[in-house]
1. At 1.4 Å probe size, with the rest of the protein present, what percent of the exposed accessible area of the chain is carbon and sulfur atoms?
2. Put +1 on the Cβ of each Lys and Arg and -1 on the Cβ of each Asp and Glu in the stretch 17-89; which of F17, G42, V70 then has its Cα farthest toward the positive end of the dipole?
3. Tell me the label-point distance for the pair I51, K20, using the 7 Å Cα-to-Cβ offset, in nm and rounded to one decimal.
4. I'd like the Karplus ³J(HN,Hα) series for the stretch 30-45: coefficients 6.51, -1.76, 1.60, θ = phi - 60°, whole numbers in Hz, and an x wherever there's a Gly or Pro.
5. For the chain, how many pairs of lysine residues have a Cα-Cα distance under 18 Å, where the two are 8 or more positions apart or belong to different chains?
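The values are calculated or read from the model by the stated rules, or taken from the named source; none is laboratory data. In this text the structure is predicted, and so the values were computed from the model without any measurement. Please note: Cβ atoms are built from the backbone with ideal geometry, for glycine as well, and neighbour counts cover all protein chains shown. Please note that ligands, DNA and RNA were not included when accessible areas were found on the heavy atoms of the full protein model with its side chains. Shrake-Rupley method; radii C 1.70, N 1.55, O 1.52, S 1.80 Å.
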Amino acid sequence: MTPPPAKAPPIIGLAHFYHKVFDDREVGVHHIMEFIANPEPGKSKLRAPAISRFGLMPAVKLTATELRTVAEWMWDQYDPAFTPPDCPE
């Protein structure tokens with residue numbers, strides 16, 4: 001069994017929660033782009049225990065193109081078979 005990450009939630013988990021909140025890819029990607037540029041607790045789509053454990057990421061200064069590339073990649077990491085630990089659905 002692989003231990004949980006020490007510094008951040010796994011990307012597959014992030015993608016999971018964004019897909020639970022946003023049905024539309026473009027809307028989800030746009031939200032991810034905004035969050036990466038300016039992380040705020042109210043914008044996070046993770047559950048409170050993950051935020052308590054990992055905190056919020058620092059703001060990342062990227063160009064709009066770079067933000068879109070990262071956000072699209074993150075969105076595309078979604079695996080419908082993934083269930084977050086301690087978060088049965």
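1. Ligands and nucleic acids excluded, carbon and sulfur reach 60 percent.
2. Going by the charge dipole, the pick is G42.
3. Distance between label points: 1.4 nm.
4. 3J(HN,Hα) across the stretch 30-45, in whole Hz: 4, 4, 4, 4, 5, 5, 4, 6, 8, x, 9, x, x, 8, 5, 9.
5. The result is 4.
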